[in-house]
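First comes the structure, then the notes that go with it.
The values are calculated or read from the model by the stated rules, or taken from the named source; none is laboratory data. These figures come from a predicted structure and were not determined experimentally. Heads up, the Cβs are rebuilt from the backbone with ideal geometry, glycines too, and the neighbour counts pull from every protein chain shown.
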Amino acid sequence: MITIRRADTLGNAHSDTLILRCHFAFSDYQDPAHTHDGRLRVLNLGTLKPAQVYHLGPEANVDILTWLPAGDIVSNADGFEQEKVGQGGLHLLSTGTGCKRLEWSAGPEGATFIQFWFMADVEGVPPAQEVRASFPQLEDGGFRILASGFPEDDPEEEGQITDGAPVTLTARARLLHAIIPAAEGAAYSTTLGRDLYLLVVSGIVTIDGYVLHCGDAAAITDQQDIVVIAQEKAELLLVDVAAR
């Protein structure tokens, strides 16, 4: 089953520094019809002005992934070194036993970010941070794994981190990315008991007869295989999570 979430139906959550566009209930945006999708608890979109700061805390037992479509940010969390993340980069903070303060500061050009929160499947572990500056694109325009809680998804057998290796989640989940040329497609297969959530970052795509434009999303349940066709060049993010 596929349920479409149009960009103009997203909720607004207010922090003291910015307004977030929310796919699920968050902060002062409360919507019983959109509380989460499986173990995906949060999908928020935000825009920071130059030098503006977005902060959270305290948080525990969630994996917070921040991906940048544009601009750059500097992350600052208690107990960790500051990390700079630019366009196309990814920042992970696994909050584990607890983080009191989490901040993301925009660079001189500002920043646009997309943030995912996954409910951890492994609790009681120390907080951890990982950053990837970028991810090489697949030549065939297919889905690349950016983050995963499945050890078999890590191509690095000797423990050496490269830009192409996914960051490591405590949640049994995946975040994937694809840039699909016009008139071409990308396929993905999962297993039983999983939910998929597809977000169109740019462009226009079709999936099972539905047309999705920039900012639209599709929640996919009880379906193991999907094929996404780009009507024009499109950039996508795909989440694969346990349904419960």
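Observations, loosely collected:
- Scanning the stretch 59-107 for residues that are β-branched (Val, Ile, Thr) and in contact (Cβ under 8 Å) with a residue 40 or more places away in the chain yields a count of 5.
- Selection count where residues are more than 19 Å from residue 67 (Cα to Cα) and touching a Cys at 6+ places or on another chain (Cβ under 9 Å), scope the stretch 203-244: 1
- Criterion applied to 5, 41 was being surrounded by 18 or more Cβ atoms within 10 Å (Cβ to Cβ) and over 21 Å from residue 228 (Cβ atoms), and the one residue passing it is 41.
- Qualifying residues in the stretch 188-244 (those that are in a strand (DSSP E or B) and hydroxyl-bearing (Ser, Thr, Tyr)) - the one surrounded by the most Cβ atoms within 10 Å (Cβ to Cβ): 197
- Selection status of residue 89, closer than 30 Å to residue 226 by Cβ and in contact with a Ser or Thr (Cβ under 7 Å, 6 or more places away or on another chain): yes
- Filter result for residue 17 (within 27 Å of residue 222 (Cα to Cα), of a type in the set (Ser, Thr, Tyr) and touching a residue at least 24 places away in the same chain (Cβ under 8 Å)): no
- Note on the stretch 47-58: among residues that are at pLDDT 95 or above and touching a Phe, Trp or Tyr at 6+ places or on another chain (Cβ under 9 Å), the one that is farthest from residue 239 (Cα to Cα) is 53.
- Single match in 96, 124, 141 (criterion: in a loop (DSSP other than H, G, I, E, B), loosely packed, with under 13 Cβ neighbours inside 10 Å, over 14 Å from the mean Cα position of the chain (by Cα) and not polar (S, T, N, Q)): 124
- Test: residue in the stretch 34-47 that is in a loop (DSSP other than H, G, I, E, B), under 13 Å from the mean Cα position of the chain (by Cα) and closer than 19 Å to residue 219 by Cβ: yes
- Qualifying residue in the stretch 142-157 (condition: of a type in the set (S, T, N, Q) and touching a Lys or Arg at 6+ places or on another chain (Cβ under 6 Å)): yes
- Flag: residue 79 does not match the condition of being more than 24 Å from residue 173 (Cα to Cα), surrounded by fewer than 22 Cβ atoms within 10 Å (Cβ to Cβ), in contact with a Ser or Thr (Cβ under 7 Å, 6 or more places away or on another chain) and small (Gly, Ala, Ser).
- Enumeration of residues in the stretch 205-224 that are under 20 Å from the mean Cα position of the chain (by Cα) and acidic (Asp, Glu): 216
- Any hit, the stretch 50-64, residues being aromatic (Phe, Trp, Tyr) and touching a Lys or Arg at 6+ places or on another chain (Cβ under 8 Å): no
- Put simply, of 70, 51, 25 the only residue that is out of contact with any helix residue (DSSP H, G or I) (no Cβ under 8 Å at 6 or more places or on another chain) and surrounded by 14 or more Cβ atoms within 10 Å (Cβ to Cβ) is 25.
- Where residue 88 falls short, out of the listed (1) more than 13 Å from the chain's Cα centre (by Cα); (2) within 29 Å of residue 137 (Cα to Cα); (3) part of a loop (DSSP other than H, G, I, E, B): (1)
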